[in-house]
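Before any comments, here is the structure.
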Amino acid sequence: MRTFYKLSLSTLVAVYLLIMVGGVVRSTGSGMGCPDWPKCFGQWTPPTSVDQLPENYKEEYAAHRQKKNEKFAKYLTALGFQETANKILTDPSVREESDFNPVKTWIEYVNRLVGVVIGFLIFAVFIYSWRYRRVKFSITLIAFLCFILVGFQGWIGSVVVSTNLTPWVVTVHMFLAMVIVAMLVWLVHKSNIHQELVQQLKSPSILTNILLAACMVVLLVQILLGTQVREAIDRVATEIYTREGWISAVGLDFIIHRSFSWAVLILHVILTVKLWKMQRVNRFVLSLIMLILGTIFTGLGMAWFAVPPFLQPVHLTLATVTFGVQFLVLLRVNEKIKVATH
């Protein structure tokens with residue numbers, strides 16, 4: 001189980017790396033650096049010059065994306081989202097094609113390469129978990145579901161490209177990433193066998209569990225609100241070319257995101273006080289509050305210093321790591337402590 005623990009932990013770290021790379025993609029506006037998927041401009045190795053592309057490449061790839069959107073619209077219609085499907089098919093901004101930019105193309109391509117590596121890692125986690133199917137079937141089941149979800153996440157990523165970064169699709173993409181993080185944290189927790197026997201300890205109070213769950217929910221909401229702020233910034237950036245005017249132009253989306261951070265902070269201060277009384281999770285308390293403060297301060301830095309590109313991936317990664325630590329604490333406080341005896 002120790003090898004499986006190391007593999008699961010390495011995969012979790014790799015997923016966080018991908019989230020950071022995804023933040024770089026968003027902060028540099030490279031999301032449409034490759035207009036097709038899984039290839040990039042129809043090639044497994046992206047072009048480095050516009051001379052390597054046909055003269056009508058914009059029309060060609062816009063038509064290619066439209067065909068994919070028509071299939072996606074059929075799925076949405078079948079699920080009852082007719083209005084959303086019609087908007088994707090009729091919104092002219094969805095069919096807009098960006099000018100070729102070799103730097104943005106390669107940034108997006110690196111993002112995809114990291115995603116492929118993580119896909120193989122999660123497949124390896126599932127294959128390795130198969131040996132535990134008889135004694136710890138839950139581990140095999142979660143590893144399998146994680147593998148399936150990663151495949152679905154890859155498909156959603158292709159839809160993000162085909163719909164030209166349609167906001168709600170980007171939000172779904174981010175939410176699924178958080179679910180994958182939670183699954184991997186669960187696998188890391190369940191496979192951590194540094195100790196052997198079980199010692200009976202007092203169960204955590206209902207209030208502690210409710211508080212932990214509330215902190216996870218408000219942080220997840222805050223992450224999704226932050227995704228909406230980033231989408232709003234993408235819109236205003238096409239009209240306002242100086243970064244200094246972006247935050248004020250975003251308006252209500254940013255105000256809600258900023259104000260909601262108070263709820264996040266206050267709940268985590270209360271949680272810190274509660275957790276400090278539980279000696280078995282004291283080592284997580286400092287890291288949790290430091291992560292929250294780091295997330296808030298990087299968010300303030302983005303607001304005060306005109307959204308510097310390097311801060312966005314740091315801000316996003318800190319928030320997602322915090323979510324993972326929260327879930328791990330929730331698992332730890334509800335798990336019987338294991339102690340080695342000799």
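What follows draws every value from the coordinates through simple rules; no lab data is involved. As the structure is a computational prediction, the values presented were derived from the model and not from experiment. Cβ coordinates were reconstructed from backbone atoms using ideal geometry, including for glycine residues, and neighbour counts include every protein chain displayed.
As a proxy for reagent exposure, ranking TYR61, TYR132 by other Cβ atoms within 10 Å from fewest up yields TYR132, TYR61. Rounded, prolate or oblate: pick one for region 195-342, where a ≥ b ≥ c are the square roots of the eigenvalues of its C-alpha gyration tensor, a/c under 1.5 means rounded, and failing that, prolate if a/b is larger than b/c, else oblate. Verdict is prolate for region 195-342.
Among VAL273, VAL329, VAL314, the largest mean-square fluctuation in a Gaussian network model of the chain, built with springs joining Cα atoms closer than 10 Å, belongs to VAL273. Taking a ≥ b ≥ c as the square roots of the eigenvalues of the Cα gyration tensor, an a/c ratio of 1.5 or more together with a/b larger than b/c marks region 272-320 as prolate.
Non-local lysine pairs in region 66-125, meaning eight or more places apart or on different chains, with alpha-carbon distances under 22 Å, amount to 4. Only helices reaching 15 angstrom along their own axis (Cα) with mean Kyte-Doolittle hydropathy no lower than 0.0 count here, and for the DSSP H runs of the chain these are 2-27, 102-129, 137-162, 167-190, 206-237, 252-276, 282-304, 311-333. Under the criterion of Cα pairs below 8 Å and six or more residues apart, the relative contact order for the chain equals 24 percent.
So what is the 222 nm mean residue ellipticity for the chain from helices alone, if each DSSP H run of at least 4 adds -39500 (n - 2.57) and you divide by all residues, rounding to the nearest 500 deg cm²/dmol? Computed mean residue ellipticity for the chain: -25000 deg cm²/dmol. Of all the options LEU53, LEU219, LEU149, the one that moves most in a Gaussian network model of the chain with Cα springs shorter than 10 angstrom is LEU53. In terms of the mean number of neighbouring beta-carbon atoms within 10 Å, the peptides 2-13, 35-46 order highest first as 2-13, 35-46. Using a cutoff of 8 angstrom between alpha carbon atoms and counting only pairs six or more residues apart, the relative contact order for region 1-194 works out to 35 percent.
Within the chain, the cysteines lacking any other cysteine Cβ closer than 4.7 Å to their own Cβ are CYS146, CYS215.
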